[in-house]
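Heads up, the thing below is written out as structure tokens.
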Amino acid sequence: MEKFYITTPIYYPSGKFHIGTAYTTVLADTIRRYKKLRGYDTFMLTGTDEHGQKIETVAKEHGKTPQEHVDEMAKMAKDLWKLMDINYDYFIRTTEPRHKKAVQEIFEYFLQKGDIYKGEYEGWYCMPCETYFTETQLVDGKCPDCGREVKLMKEEAYFFNMKKYTEKLLKYYDEHPDFIQPEYRKTEMINNFIKPGLEDLCVTRTSFDWGIKVKSDSKHVIYVWLDALTNYLTALGYTQDDDELFKKYWPADLQIIGKDIARFHLIYWPIFLMALDLPLPKKILVHNWIMMKDGKMSKSKGNVVYPEMLVERYGLDATRYFLLKEFPYGQDAIFTPEDFVNKYNFDLCNDLGNLLNRTIGMVNKYFGGNVPNYKGRINDVDAELEETVASKISEYENNMEDLHFSNAIESIWGIISRANKYIDETAPWTLAKQEKTEKLESVMSHLVETLRIVAILIKPAMTETSNKILSQLGINEEASKEYDTIKEFGKTTSDLKVIEKGEPIFLRLDANEEIEYIKNKMKE
Ligand code: MSP
């Protein structure tokens, strides 16, 4: 069985996660589920990035020790992923002893190899980003990443010799055109950071305590990014006695990150791996951000949307659907309450919900709930429906492989709208009056089969709805795992009996009321 190792960034446990933060994880979970459905042996990693000055400061503000603080936050993250049905295989915490030990060993190895050397650092330090910048990197004298104030600081420190690997990295980029997605992110790295001359990276701090100490020089704390990036290896047992998972799953097949952490993952991370003589991840997907109409989400602006609120009020699948559908590939998405409610009412309630309701209603009305067995293409439009289904399935697969998630959802909705049109074209209510039984039977079997296929296709994205559809159609939920059965229309189900009265899977929302509701919640 082919393996598929997928990672999300490990999250800073500094506060509650908003829908932007949840996006990366929903994406990773969806692709993992898809790969599993397609027969891969999958492993998904997520976790929390628990060291650094920022955590130390936030813990103090809450009157807690850093360890107490990160324990609470890691629990909060796990609770959220449970609520969002995120099926990770391992949740790494960088305060785990085995991770700390491995990071210390990696550091010593770099030292001994000469990739890390001791020097003195002076630079402009951004505390929230925990990053030093050179004068020229500052934007209007402020942090180029977050726009906040920076401080001039000087300290004895260790440096990683990035210059040694610059050429090798460029060559790697060149020889592996699929390594970075979308490709323009690679160009950005080359133009903004590599061409101007890659600086050696300062990889230790002495200004605070909350981190992993350098084994051979314990007044130095290892830079949080060197500590954090290696989680992708240490979680699998790298440098540890039990490294079965590492041997099996490394290199990662896909690493998903947000655009703000591209530099760390596209430059430093590959270089660290080169220095360790390890293969690089096969692909890194850099996604954009969920923005609000007035810019970034922030508590002070009163525009933060929390996933818990959406899940509690509108259900998990509506939330996951929105997140996956909203992002055009390689661009930012804008969240508006109007858009969320409209997508719910139009895409989920009208298009999908009604297709299921109408189908169940008609099978009950015309055939007492017994689904007529598929007998091939009887009506003129049967062939067209089947062909659309087949072509949209292959379009969906290509989109999933290319990581174009929003388009993949569109491919499924292409089937749904074709099926709705098919009902209007075949007008089953007229066929029933004319006693055209064979034709009417064909319409019902086509609709049920199309819905079965839709249920399987949406399974990675909308885990609950998929099962609800199948159970209303009288199909065992286990069938949602049988992906290959969708390749041959109508050949795998017979003698089905649909539910007598199908519950609507999405209840129509009062748009104005719900838009107000979300807006008020954003201000809380
Ligand atoms: N701890 C680092 C990652 C270390 S990985 C070795 C970190 N953590 S984070 O909690 O700040 O961010 C986690 C992820 O959430 C990042 O991929 C980041 O891009 C993403 N997002 C944070 N805000 C976001 C949006 N508004 N929209 C989409 N993703 C966003 O960075």
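The values are calculated or read from the model by the stated rules, or taken from the named source; none is laboratory data. Computed from a predicted model, the values in this text were never measured in an experiment. When we count neighbours, we look across all protein chains shown, and the Cβ atoms used for this are built from the backbone with ideal geometry, even at glycine. For the accessible areas, the whole protein counts, side chains as well, though only heavy atoms, and no ligand, DNA or RNA atoms are used. Shrake-Rupley method; radii C 1.70, N 1.55, O 1.52, S 1.80 Å.
Can you name the residue in the range 316-332 that is open to solvent by less than 10 Å² (accessible area, probe 1.4 Å) and of a type outside the set (A, V, I, L, M, F, W, C) and, of all such residues, is farthest from the ligand (Cβ to nearest atom)? By that ranking, first place goes to 317. In the range 1-28, the residues that are more than 23 Å from residue 62 (Cβ to Cβ) and hydrophobic (A, V, I, L, M, F, W, C) form Cβ pairs under 8 Å with partners that are near the ligand (Cβ under 6 Å from one of its atoms) and in a strand (DSSP E or B), at six or more places apart or across chains, as follows: 19/290. Out of 60, 64, 75, 54, one residue alone is without any contact (Cβ under 8 Å) to a residue 40 or more places away in the chain, more than 23 Å from residue 287 (Cα to Cα) and either within 12 Å of the ligand (Cβ to nearest atom) or not in a helix (DSSP H, G or I) (or both). It is 64. Summed over the range 82-109, the residues that are surrounded by fewer than 20 Cβ atoms within 10 Å (Cβ to Cβ), in a helix (DSSP H, G or I) and of a type outside the set (Asp, Glu) give a count of 8. So, in the range 277-317, exactly how many residues are charged (D, E, K, R), touching a residue at least 24 places away in the same chain (Cβ under 8 Å) and part of a loop (DSSP other than H, G, I, E, B)? The number of residues fulfilling the criteria is 3. Here 468, 459, 433 are screened, and the one residue that is farther than 19 Å from residue 348 by Cα and among the charged types (D, E, K, R) is 433. For the range 333-356, residues that are open to solvent by 30 Å² or more (accessible area, probe 1.4 Å) and either over 22 Å from residue 520 (Cβ atoms) or of a type outside the set (D, E, K, R) (or both) total 6. Kindly evaluate residue 450 against the criterion of being at pLDDT 95 or above, over 23 Å from the mean Cα position of the chain (by Cα), over 14 Å from residue 356 (Cβ atoms) and not hydrophobic (A, V, I, L, M, F, W, C). When the stated conditions are applied, residue 450 does not pass them. Whether a residue is in contact (Cβ under 8 Å) with a residue 40 or more places away in the chain, among the β-branched types (Val, Ile, Thr), at negative phi and open to solvent by less than 20 Å² (accessible area, probe 1.4 Å) was assessed, and residue 381 does not pass this test.
Condition check for residue 411 on (1) among the polar types (S, T, N, Q); (2) open to solvent by less than 20 Å² (accessible area, probe 1.4 Å); (3) more than 30 Å from residue 31 (Cβ to Cβ): one failure, at (3). Across the range 117-136, not a single residue is classified as more than 17 Å from residue 223 (Cβ to Cβ) and open to solvent by less than 50 Å² (accessible area, probe 1.4 Å). Determine whether residue 163 is in contact with a helix residue (DSSP H, G or I) (Cβ under 9 Å, 6 or more places away or on another chain), of a type in the set (Lys, Arg), away from the ligand (no atom under 16 Å from the Cβ) and within 29 Å of residue 100 (Cα to Cα). In short, no. Number of residues in the range 499-520 that are under 25 Å from residue 388 (Cβ atoms) and modelled with pLDDT of 95 or more: the value is 2.
Of the residues making up the range 409-423, at least one is over 25 Å from the mean Cα position of the chain (by Cα) and charged (D, E, K, R). Among the residues in the range 490-503, are any under 28 Å from the mean Cα position of the chain (by Cα) and in contact (Cβ under 8 Å) with a residue 60 or more places away in the chain? Scanning the range 490-503 turns up no residue that is under 28 Å from the mean Cα position of the chain (by Cα) and in contact (Cβ under 8 Å) with a residue 60 or more places away in the chain.
Among the listed residues 506, 489, which satisfies the condition of being closer than 30 Å to residue 302 by Cα and part of a loop (DSSP other than H, G, I, E, B)?
Just one listed residue meets the conditions, 506.
Residues in the range 220-273 that are in contact (Cβ under 8 Å) with a residue 24 or more places away in the chain, open to solvent by 30 Å² or more (accessible area, probe 1.4 Å), away from the ligand (no atom under 13 Å from the Cβ) and assigned to a helix (DSSP H, G or I): 245, 248.
Of the residues making up the range 151-197, those that are of a type outside the set (D, E, K, R), assigned to a loop (DSSP other than H, G, I, E, B) and modelled with pLDDT of 95 or more number 6.
Once the range 8-26 is narrowed to residues that are surrounded by fewer than 21 Cβ atoms within 10 Å (Cβ to Cβ) and more than 8 Å from the ligand (Cβ to nearest atom), the residue that is farthest from residue 81 (Cα to Cα) is 15. For the criterion of being surrounded by fewer than 17 Cβ atoms within 10 Å (Cβ to Cβ) and free of Cβ contacts under 8 Å to residues at least 12 places away in the same chain, residue 425 fails. Once the range 52-72 is narrowed to residues that are among the hydrophobic types (A, V, I, L, M, F, W, C) and modelled with pLDDT under 95, the residue that is surrounded by the most Cβ atoms within 10 Å (Cβ to Cβ) is 55. For the range 27-51, filtered to residues that are within 15 Å of the ligand (Cβ to nearest atom) and either part of a loop (DSSP other than H, G, I, E, B) or open to solvent by 10 Å² or more (accessible area, probe 1.4 Å) (or both), the residue that is farthest from residue 306 (Cα to Cα) is 51.
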